[in-house]
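Have a look at the structure below before the remarks.
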Amino acid sequence: MTFSATSTAAEAVVVFNQVSKRFAVNGQDFTALQDISLKLREGEFTAIVGASGCGKSTLLRLLVGLDREFDGSITVDGRPLAGIGADRGIVFQEHRLFPWLSVQQNIALGLANDNGSAATHARLVQEHIELVGLKGFEQALPHQLSGGMAQRVAFAAARAGGARIVIADEPTKGLDIARRDEVIDLLMREVRAGGTVLTITHDLELARRMGGDLAVMLEGRIIETGAAEDVLSNPAHGYTKRLIAADPTHWADPAQPLSASSSASKPVLVASGLGKTRGGKPLFSHIDLSVQPGEIVGVTGPSGSGKSSLGDILLGLLAPDAGRVSRAEGVSRHRYQKIYQDPPSAFPPRATIRRTLVDLVALHGLKASAILPLMHRLRLNPSLLDRRPGEVSGGELQRFALLRVLLLDPVFLFADEPTSRLDPITQQETIALLVELAREKGCALLIVSHDTALIEKTCDRTIAIGTQTLTEAA
């Protein structure tokens, strides 16, 4: 069942009318939004898709009330938007949980303005914990959760207070198929209960399954809008066609598998008998793994199964509870690198991106001349260098994280959901660059992803972590 946002019976709850937003960035005027007109209707779903940095998150911030300066008008229930309100619940792209509070306590914050009894609050919190599949993790702290698990906590906290308008920024990012289905089911329930749901997403499958309206943004403008089924099956704008064609299900099969000579080379990394527990519970055990130069290995498994922990152990960032890891002799440890699932946590928040890169070049004696060519290949505008991490989009920051790693000429790269924040077009280009790096430079690549099509189209072989063990497929 789908829900059309073009229905004349549904009442418009939120109306954007000719909304524009400009920023002053390093003394220069930057237009983030231009003449946005959009209606969000009661009991219906609207998805906004588009390239990283096209203005989607800026639009979200305006609706939430975090930014009140803009041109045009935004009304909620016919009244001008008046800042932050309990009628709007938000799940940010970065989950923003309080690190010192448990799962239970973080979700309970969503009920801060509810006048119900303590018993009622406790029941609602537990219901939401079970709805997002986290029963048994009530007392866990955020650092004890995987990225996907933390995202589910944030979603539960946002909807616990009963907001009529639910705003979700990439709600399925970093989730396995089962958990994504659960989030889609939660969003469906909101819609069926008469709620208004707005999602900013790169997940075209989410938009397809939810139905409703789909708006496509490019460079601060809405370039195409309509019923999701119509837009995705018969796109009118060239950019929309490119977005759809860039989905991994449409990629060609790998044309350049690992050569026999490469597969016979001395491995860059060997792991034997690895085991790890989290919170007293086993994540995995008896894992043996050997990775060759230039080999691309996919890692799959449910959220919370230990995929990120495995990568951290291979890099020496986390100690195993059992087993050992051997790395190539005579190779500097800084050439074993990681692309983080959560790029904001990997950048100093107060330093400009330029300063971070300059410091890296100076520390390791690298070539600064390599920065701009890599930026060009990653579709990063040089003007972004003088911004701080919080002043660029999540997708742009993820590409800067990749650039920073590539400057170090890695021999082994652990990519933890490296494209989860990227639009389909940029994702395809970034994966192509990673594959090129692996083949040309002999860099072994370990990719964690919940996107099975991406793994199948990219990797030489796949290892699956589940039920505390590891299985392998060519």
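Bear in mind that the values in this text are calculations on the coordinates, not laboratory data. None of the values given here were measured: they were computed from a predicted structure. Here the Cβ is made from the backbone with ideal geometry for all residues, glycine too, and neighbour counts use every protein chain on show.
Rounded to the nearest 10 degrees, the angle from helix 118-131 to the longest Cα principal axis of the chain is 50 degrees.
Using 0.36 nm per residue and subtracting the Cα-Cα separation, the extra length available between residue 461 and residue 96 on full extension is 127.9 nm.
Run through segment 30-74 and list the chymotrypsin sites (Phe, Trp or Tyr not before Pro) located in a DSSP loop whose Cβ has at most 14 other Cβ atoms within 10 Å. Intermediate results must be reported in sequence, preceding the final value.
Working: sites: 30, 45, 70; in loops: 70.
Answer in residue order: no site qualifies.
Skipping prolines and chain starts, which residues have an amide H placed within reach, meaning under 5 Å, of the one on residue 89, given they are 5 or more residues away or on another chain? Under 5 Å from the amide H of residue 89 lie the amide H atoms of 165, 166, 167, each far enough along the sequence or on another chain. With the highest mean first, a sort of the peptides 208-219, 369-380 on other beta-carbon atoms found within 10 angstrom per residue produces 208-219, 369-380. Near residue 283, the amide H atoms lying under 5 Å from its own belong to 276, 277, 278; only residues 5 or more places off or on other chains count, and H is placed 1.01 Å from N.
The trypsin sites (Lys or Arg not before Pro) found in segment 35-78 that occupy coil by DSSP, while having at most 15 further C-beta atoms within 10 Å, are 68. Consider a paramagnetic label point 7 Å from the Cα of residue 329 along Cα→Cβ; state which residues of segment 281-299 have an amide N under 20 Å from it. Inside the label zone: 290-293. The share of C-alpha pairs in segment 284-381 whose separation exceeds 17 Å stands at 67 percent. Backbone amide hydrogens, once placed in the peptide plane, bring residue 444 within less than 5 Å of 294, 295, 412, 413, excluding anything fewer than 5 places away on its chain. Fewest neighbouring Cβ atoms within 10 Å first, the residues 44, 11 line up as 11, 44. Taking Cα atoms only, the orientation of helix 424-441 departs from the longest principal axis of the chain by about 10 degrees.
Exceeding 30 Å between C-alpha atoms, which entries from my cross-link table qualify? They are 21/338; 21/457; 21/173; 39/307; 56/276; 21/307. Over 30 Å apart, Cα to Cα: 21/338; 21/457; 39/307; 56/276; 21/307.
Compute the normalised compactness of the chain: alpha-carbon radius of gyration over 2.2 N^0.38 Å, N being the residue count.
Output field value: 0.99.
Counted by neighbouring Cβ atoms within 10 Å, the residues 35, 253 run from fewest to most as 253, 35. Shown in residue order for segment 366-377 are the 3J(HN,Hα) couplings computed by the Karplus curve 6.51 cos²θ - 1.76 cosθ + 1.60 at θ = phi - 60°: 8, 8, 5, 5, 7, 5, 5, x, 5, 4, 5, 5 Hz (x for Gly and Pro). For the chain, the relative contact order is 17 percent, taking Cα pairs closer than 8 Å that sit 6 or more residues apart in sequence and dividing their mean separation by the residue count.
Two numbers describe the Cα atoms of segment 260-473: Rg and Dmax, which are 17.1, 48 Å. In a DSSP loop and with at most 15 other Cβ atoms within 10 Å, the GluC sites (Glu not before Pro) in segment 80-164 are 138. Protection proxy ranking of 177-186, 327-336, by the mean of other Cβ atoms within 10 Å over each peptide's residues and highest first, is 177-186, 327-336.
A simple rule links phi to the HN-Hα coupling: the Karplus curve 6.51 cos²θ - 1.76 cosθ + 1.60 with θ = phi - 60°, which for segment 219-229 gives 6, x, 10, 8, 9, 7, 8, x, 4, 4, 4 Hz, with x for Gly and Pro. Of the residues 100, 251, the one with the fewest other Cβ atoms within 10 Å heads the list, and the complete ranking is 100, 251. Computed from Cα positions, the angle between helix 353-364 and the longest principal axis of the chain comes to roughly 10 degrees.
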